[in-house]
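Accompanying notes for the structure given below.
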Amino acid sequence: MFVRRRGQRPDGQDPEGNGAIATVQESDDPGALAAQLYDMLHEVIDPEVGVNIVDLGLVFEVTLTDRLADVRMTLTTPGCPLGGYMEDAIRRTLTRVPEVDDTHMNLVWEPTWGPHMMSHEAKRQLGWVS
Amino acid sequence: MGIVTTPVAGRPARAAPAIGLTTPRRRRARWVPPLMAVAVVLLIGGLWEGLVYLGLPLAAGQRSLHVDHGPLMVLGFLGTLIALERSVALGPAWSYLAPAGAAVGGLAVICNAPNGVGQAVVTLGGVILVAIFVAVHRIQASLHNVVLASGAMCWVVAGVLWVANWDIPRFIPWLAGFLVLTITGERLELSRLTGRSRRAEVLFVGAAGLFLGGLIVSLFAEAIGVRIAGAGLCCLAAWLARYDIARRTVRGQGITRYMAIALLTGYAWLMVGGALWLDIGRMSFADLGRAAHGSAYDAMLHAVFLGFVISMIFAHAPVIVPSVLGRPLPYNRWFYVPLVMLHVTLLLRLVGGDAMHNKASWQWGGSLNEVALLLFVGLAAGAVIRAARSQRKAARPPQPADGSVQEAQAAT
């Protein structure tokens, strides 16, 4: 079994500090695959703000089980009309990996999303910080 | 193969959270396309009567269609789309009663159903939309959700007054209330991404409260109420210009920039509409369809409903249509054509027609407003169809060369 956490450094610390994790288990090369799936979610952009869902702090956990990638994530608000758009974009992105047949967007509302979950890069892109 | 997940070191493991919403892909009921088709029928009916209002020599259609152009466009067409977007996002089957009410009720109004049945069904759709926001609030309470629910309440108030046979100009500010509070509630939510301050939140509540207060006063003292609501619209437009995320994202590229430009131009029209409400106060369509030009009423409404609202629709369609329909709508630069056309022709209508009393400008401007809207619908539909075709093509397995089929079968 292999566990990879979001933004995990070699010393095991979580520099983002927002509680997001990524796990991949029992794969031939789980470390590389975990990194690949997680990094690929940087390609899923919220079109309205032009920032990817990982940097927005929306993704909590990615697991791969029986070729199904389960993305545990939230939206900035329940009932956000963009949910379907995001799910399709995630599916299109992750199924490019041969080891992934399908995806499941597992929407959760705890922890509640807040701007503090955004990465420094997202805040920079949206003009909070320089 | 079991799944084990590990929380970040040093944090307590969280219990599996209760999930209030179902998986989006499963939410898209089969009757989403039929409801969207009805919305298009209502749009075409409303646009036809719009042309009749403009004085074009066309058959006027049913009396109700002629009289109820405004409520049909707002509660019928836009009500169906907005409620559909919310019910797809929330998921449960009952939530689809909101767009169904708007669609079926709108059709009943077009067909001149007796005893205000259509108006009552449309109003019921608004009640279900309020229930959707109550359900969302129970999952996660927030200020922006309260604003969105207030917008839905405006739908209900407008619907009740419609059923009660009030003159349309008396309740049309409530129709604007539905759309303005729905859109600004969304923008309030997104403004959190820019690090919205407590002060900005208070300012928004003040502006929205002023607008809502004006709507309420308009029930008893029309001119004063409309003026107060107009001041509220100006404050909301100023708030959006100052705090909305579009100010930052307009520096982006592609779809992000397109959306930001559509939003910012829409805010300018909201400011114009608010200023007109504030200045003129009284809403009356006495001259509309007779004098057929120089109408303050025409300018007061279409600055908001076309300039602000339709610009928002153009902005959000490339992301909302895929969410609702489950089919991609790839952005392309041609979307700027109907957007620019909408704003230029609205200027022609309001400045050349309404302000300078030139009937030809008013008619050309108004007709071309509709062309811009239909052009956008056509471009969007074409993009959806092309994307679906290329998806099917990509999913099809490659055809082997002649003669190789049998070889392939023999090999297996």
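The table below lists the values:
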| read-out | value |
| --- | --- |
| Normalised contact order of the stretch B:237-343, rounded percent, pairs of Cα under 8 Å and 6 or more residues apart | 28 |
| For residues of A:42-54, the mean tally of beta carbons on other chains within 10 Å | 5 |
| Candidates per trypsin sites (Lys or Arg not before Pro) in the stretch B:211-259, loop by DSSP, up to 14 other Cβ within 10 Å | B:Arg251 |
| Inter-chain Cβ neighbour average for residues A:82-95, partner chain, 10 Å | 5 |
| Summed buried accessible surface, chains A and B, 1.4 Å probe, nearest 100 Å² | 4400 |
| Ordering of B:303-313, B:209-219 by packing [mean C-beta count within 10 Å, highest first] | B:303-313, B:209-219 |
| Other protein chain Cβ atoms within 10 Å, averaged over every residue that makes up B:120-127 | 0 |
| Pair A:Thr65, B:Arg242: separation of 7 Å Cα→Cβ label points (nm) | 5.0 |
| Diffusion coefficient, µm² s⁻¹, Stokes-Einstein with Kirkwood Rh over alpha-carbon pairs of the stretch B:231-389 at 37 °C and 0.692 mPa s | 200 |
| log₁₀ of I(q)/I(0) at q = 0.15, 0.17 Å⁻¹ - the stretch B:168-225, Debye sum with one point per alpha carbon | -0.51, -0.61 |
| Using a Förster distance of 56 Å, the FRET efficiency for A:Ala35-B:Val344 (Cβ separation, nearest 0.05) | 0.65 |
| Gain upon complete extension [B:Ser284, B:Asn112; 0.36 nm per residue less C-alpha separation] | 59.5 nm |
| Computed label-point distance, nm, for sites A:His104 and B:Arg257 using a 7 Å Cα→Cβ extension | 4.1 |
| Separation in nanometres of the label points that stand 7 Å from Cα toward Cβ, at B:His357 and B:Val202 | 4.8 |
| Ranked by how many other beta carbons lie within 10 Å on average, peptides B:163-172, A:32-41, B:263-272 from highest | B:263-272, A:32-41, B:163-172 |
| Cα gyration tensor category, rounded, prolate or oblate, for the stretch B:84-228 with a/c compared to 1.5 | oblate |
| Relative packing of peptides B:78-88, B:178-188 - highest average C-beta neighbours within 10 Å first | B:78-88, B:178-188 |
| Extension gain (nm, one decimal) between B:Val250 and B:Ile216, 0.36 nm per residue minus Cα-Cα | 8.7 nm |
| Theoretical FRET efficiency, 1/(1+(r/R0)^6), r = Cβ-Cβ of B:Ala59 and B:Leu374, R0 22 Å, to 0.05 | 0.70 |
| Prolate/oblate/rounded label for the stretch B:194-319 (Cα gyration tensor, a/c 1.5) | oblate |
| Cα gyration tensor, the stretch B:41-159 - rounded (a/c under 1.5), prolate or oblate | prolate |
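The values are calculated or read from the model by the stated rules, or taken from the named source; none is laboratory data. Bear in mind the structure is a predicted one, so any value in this text is a computation, not a measurement. Positions of Cβ are generated from backbone atoms using ideal geometry, with glycine treated the same way; all protein chains shown enter the neighbour counts. Just so you know, the surface numbers come from the protein's heavy atoms only, side chains and all, with ligands and any DNA or RNA stripped out. Shrake-Rupley method; radii C 1.70, N 1.55, O 1.52, S 1.80 Å.
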